[in-house]
Structures are given as structure tokens and as C-alpha cells.
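The values are calculated or read from the model by the stated rules, or taken from the named source; none is laboratory data. For clarity, every value in this text was computed on a predicted model and none was experimentally measured. Counting neighbours? That spans all protein chains shown, and the Cβs are built from the backbone with ideal geometry, glycine included. Note: accessible area is taken over every heavy atom of the protein model, side chains too, but ligands, DNA and RNA are not part of it. Shrake-Rupley method; radii C 1.70, N 1.55, O 1.52, S 1.80 Å.
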Amino acid sequence: MKKGLVLEGGAMRGLFTAGVMDVMMEHGIEFDGLIGVSAGSSFGCNYKSRQPGRVLRYNLKYCKDPRYMGLRSLVTTGDLVGAEFAYHTLPLELDIFDVEAYESNPMEFYSVSTDVLTAEPVYKRIDKIDHAALEWLRASASMPGVTRPVRVDDGRLMLDGGITDSIPLKYFRSIGYDRNIVVLTQPLGYRKSPAPAWLFRLLLRKYPAVAEAMAHRHEMYNAQLDYLSRQAAEGSTLVIAPERPLPIGRVDTDRTKMRDTYARGRAAALASLPRLKDFLDLDFDLNAAKFG
């Protein structure tokens, strides 16, 4: 039985996921594999490198830095999130990503992106961290309309994985992960509403397949929620989600909201520890933490 961790995206809502991950890491909970989409990928890689606290730390420190994210970056580079700063300078020079720990951890790590020409999801297993791998992580979180497509090492152009596979539970099950924890960044019961198709067709006129995928994204997402609900009812999946809508926007840099969102993730994970212990058939002290 392979145990997996599936992480939805949501940009800064991913700080909820960071709180969940940190509690699980602090209790020594390990998985055979992790698959992340968008922020679930760029934040989730810290699980494989065993770095609790890092996601919140660097977001709090650099969220107001114009090189990291914001209108200045969008106007000057074409990317809302600064490509070179956020995905290369920050992890390799400023808040060091533990490459050695990542590569020595046997847990498989997958990042989901979208091919801009075909609008099909692409699942990339990343075993080592180098420039090409960091570009795959960037591609997974490159939001359409406010980010340029990323050319990855095989020559294809990629955008955000959430366009075509927001909750990749079905894919993970298809490759042998039959017992999964899924972390959502929207409350249970949430349903996505249609977005204005004309806007995507305008912003993404160079990539019509992606524009069409965005126009129908609500259908894909809600179908995935239905699938997730069935898997949870059958007992093969355990879901951790916010109790209510998170207080933070996708590109919100309010530090109070960031801390609150992260704290809600920690609280949700702590409340779920007894269920996690039983679901994953683990033996750990509910009141003791490995780190900290």
C-alpha cells in the first residue's frame, strides 16, 4: 500500500497547506509520494526537503519585496511573481532550500503543469533540484494571464497545473497511490462558479486551448470534488480542508492574514492527528513533535 499526499494550489491560500504540512512534519509523518499543483508544488517541495517553517518564514520576509511579487514585477518582467528572484535567488541564496535533504529523501515528488499548446496536464517527477527542476516548479505555479508561459527543459511551454488538474488524486491513484491524504484550500462544500470565458479568450488569445480550458475549469474542478467525495466515502482518502473560507486572497501580502491562514492550517492538522494516525496506520505520540 503506497501512501500519498495530494496538495491543491491556491497561491497564498497555500499557507494553509504549509501549516498542515508543518504539523505533519513535526510529528514525523512520512509519505511514499507527494503530488502538488501550483502553490501545492512550490510549497510542497519543502516536505521532501524536511524544512518545517520555511514556507511561512520566507513569505513573511519577502512578501513586500518588489522582486518577489506584485505589480512592479508584472510590469517590468511580465510575471506577477518574479521568476528569477522567487524561484532561483530566494531558494539558492537567501532562504536556502536544502537540496541534499530533498535528494536523499526517498519520497517521490510530482509537480503538475499544463502544456499551453494542448491544454493537457503534465506530471513531472522531480528527483533532484537543479535549474531545470526549479523551472518546473515555477511552471506549475504560473498563473494564466499574469505570468508568461515557462519553457521547460524538454522544450514545451507550460502554465499553472491548476488549469487542467487542480486536485490530482485520480492521477496519483492511477500510478499506485491507493491511500491518500488530500489537503484543500477551500472549505468542504465549496463549488467553483463559471468565470467569464471572454476574459480568458482575450488574455490568452495566443493560447486558445488554455483559454478554453479556463472557460470550463469550473466543470473540471467540481467533477474532481465529486470524485474526491466518493473516494473519501469509500475510505481510501482522508481530506483536510479549512472549516470556512480563508481570510487571504490569492496574491494577498498582508502579513496578519498570512499568519492567520497558516495558523488555521496548523489547527486543522492538529485536530486531524487522531484520524491521520488511524488512517495511515502510524504509531506516534499525538502530543509530541519531532521538530521544534
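Quick notes
- Rounded to the nearest 10 Å², the accessible area of residue 218 at probe 1.4 Å: 30 Å²
- Dipole in debye (nearest 20) - region 6-74, about Cα centre, beta carbon charges: Lys, Arg +1; Asp, Glu -1: 480 debye
- Looking at the chain, the pairs of alpha carbons with a distance over 24 Å make up 47% of the total.
- Among 14-23, 70-79, the peptide with the highest mean count of other Cβ atoms within 10 Å heads the list, and the full ranking is 14-23, 70-79.
- Over 30 Å (Cα to Cα) - which of 3/124; 2/206; 192/290; 3/206; 61/206; 170/277 fall in this group: 2/206; 192/290; 3/206; 61/206
- Between residue 74 and residue 123, the modelled labels are 3.3 nm apart [label points 7 Å from Cα along Cα→Cβ].
- Sum of -39500 (n - 2.57) over DSSP H runs of 4+, divided by residues of the chain (222 nm, nearest 500): -11500 deg cm²/dmol
- When +1 charges are put on Lys and Arg Cβ atoms and -1 charges on Asp and Glu Cβ atoms, the dipole computed for region 224-292 relative to its Cα centre reaches about 360 debye.
- About the centre of its Cα atoms, the chain shows a dipole size close to 900 debye [charges on the beta carbon of Lys, Arg (+1) and Asp, Glu (-1) only; nearest 20 debye].
- Region 1-54-region 147-179 distance, computed between alpha-carbon centres (Å): 16 Å
- Within the chain, the whole DSSP H helices whose Cα atoms reach 27 Å or more along their own axis and whose mean Kyte-Doolittle score is at least -1.0 are 255-279.
- Region 181-292: relative contact order as a whole-number percent, Cα under 8 Å and 6+ apart: 28 percent
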